[in-house]
Every structure is written in structure tokens, then in C-alpha cells.
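Where a number appears in this text, it was derived from the coordinates with a stated rule and is not lab data. As the structure is a computational prediction, the values presented were derived from the model and not from experiment. Backbone-built Cβ (ideal geometry, glycine too); neighbour counts: all protein chains shown.
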Amino acid sequence: MTDVAVVRHPVPTLLRRLDIAAKLLLVLMLATALAFPAFGNLEDKGAVARAIAYPALAFAVPVVWHVWWRERASFPWLADFLITITCFTDILGNRMDLYDAIVWFDDWMHFMNTGLLAAAAILLTLPRSATLGATVERALAFGATAAIVWELAEYFAFISKSAERHSAYTDTLGDLTLGTLGCLVAAVVIHLAWRHGKLRTSAPQLEAAIAPVGQPTP
């Protein structure tokens with residue numbers, strides 16, 4: 001028996017830099033928002049909850065990869081960036097007051113960010129050979145769950161304590177619908193990119209990542 005050979009896929013330098021920059025700026029903006037809530041436009045918007053959840057989410061892939069996948073798979077930069085950018089854009093959108101200044105911005109964020117998270121889940125858990133049906137199924141299973149968890153978190157973090165709670169039901173239904181549509185779009189885009197050879201990365205060399213060291217992969 002020999003150790004599994006890990007294929008290290010080349011990654012664009014720009015993607016690495018964007019991912020690292022997004023993480024650093026995210027932490028900086030969250031620290032600033034905690035110190036000066038008004039500056040980050042996060043007053044009564046669950047600033048503390050965001051400060052805990054967003055870094056945990058943004059650094060989850062690096063931690064998991066370092067502990068379990070480092071010797072078996074190359075780092076999934078694209079998936080990690082997609083996760084980080086969802087946290088970053090939410091904080092940036094609040095900082096720039098886009099949620100209040102642009103009427104459709106909240107809807108766009110639910111559509112886009114749920115789709116990005118679903119795309120990351122697909123890249124992390126499915127091989128490029130996955131069928132369109134399997135890809136859509138994975139996107140909906142993860143994305144719809146993520147959308148529901150987000151709505152519950154929003155409600156308990158700040159909506160239940162604000163005047164928004166009286167109109168929250170209608171808004172929640174819209175957000176869940178947009179998040180689901182975002183997941184479907186993400187699934188189709190990734191599947192087409194895989195089929196046309198435009199996207200080389202998938203699950204972090206899925207078979208190599210889950211096979212025991214010393215056991216050859218198919």
C-alpha cells in the first residue's frame with residue numbers, strides 16, 4: 001500500500017489575494033462595528049451575533065482543511081472565497097447603508113448570498129462528475145436549510161425586538177423564495193461550468209479526501 005497522491009491544483013493568485021483580503025477586512029469591519037455600532041450601521045441589527053457567527057463561518061473551511069484535509073487535498077480556495085464573501089458583503093452593505101438606501105438591496109443579498117453558499121457547498125461535497133439532478137438536490141438541501149436558519153437567526157437576533165416583526169412574515173416568505181432561486185441558479189451555473197471545462201475545482205479531490213491514507217483511490 002502507498003500513500004494517496006494528492007493533486008495540487010493551481011489557483012489564480014488574484015483569487016488567493018481576494019479571499020485573504022476579504023477575511024481581513026471582514027474582521028476589521030466587525031471589530032469597528034462592535035466598538036462603534038453607529039459607524040457600521042448595525043445598531044439593533046445583531047452586531048454581536050454577527051461578530052461571532054461571521055468569523056466562525058469565514059474561517060471554518062481553513063480550520064477543517066488544516067485539521068483533516070491538508071495531507072489529502074489542495075486547499076479549496078474558490079469555495080472558501082464564496083463563503084467569506086457572503087459575510088463580507090453583508091457587513092459592507094450595512095456599513096454603506098445600502099439596506100436602507102436601496103429598496104431592492106436586501107432581496108438581492110438573499111438571492112445572491114444564498115446562491116453563493118450553495119455553490120460553495122456543491123464545490124466542497126460533490127465531484128465534477130455529479131449529474132445536474134444531484135447538483136440541484138445538493139444546492140436545495142443546503143441552500144434552503146441555510147435560508148431558514150438565517151431567517152430564524154434574524155428573528156431572534158433583532159427582528160423580534162423591533163417594529164419590523166409586524167411585517168416580518170411577508171418579508172420572510174420573500175427572502176426564502178429568493179434564496180431558493182439563488183440556489184437553483186448556482187447549481188445550474190456550476191454544473192454547466194463543469195461540463196464545459198470552465199471550472200476545474202470540485203470537492204477537494206473528494207475521493208482522496210475521504211479515503212484513508214494508504215488506500216488507493218479509484
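Provide the FRET efficiency to the nearest 0.05 for the residue 195-residue 105 pair, computing r from the beta carbons and using R0 = 30 Å. Rounded to the nearest 0.05, the efficiency is 0.35.
Taking every alpha-carbon pair under 8 Å whose residues sit at least 6 apart, the stretch 20-157 reaches a relative contact order of 25 percent.
Order by neighbour count: 23, 198, fewest other Cβ atoms within 10 Å first, most last. Can you show the working numbers first?
Numbers: 23 20, 198 10.
In increasing order of surrounding Cβ atoms, one gets 198, 23.
Put in line by how crowded their Cβ is, counting other Cβ atoms within 10 Å and starting with the fewest, 28, 34 read 28, 34. Ordering 124, 15, 176 from the fewest to the most neighbouring beta carbons within 10 Å gives 15, 176, 124.
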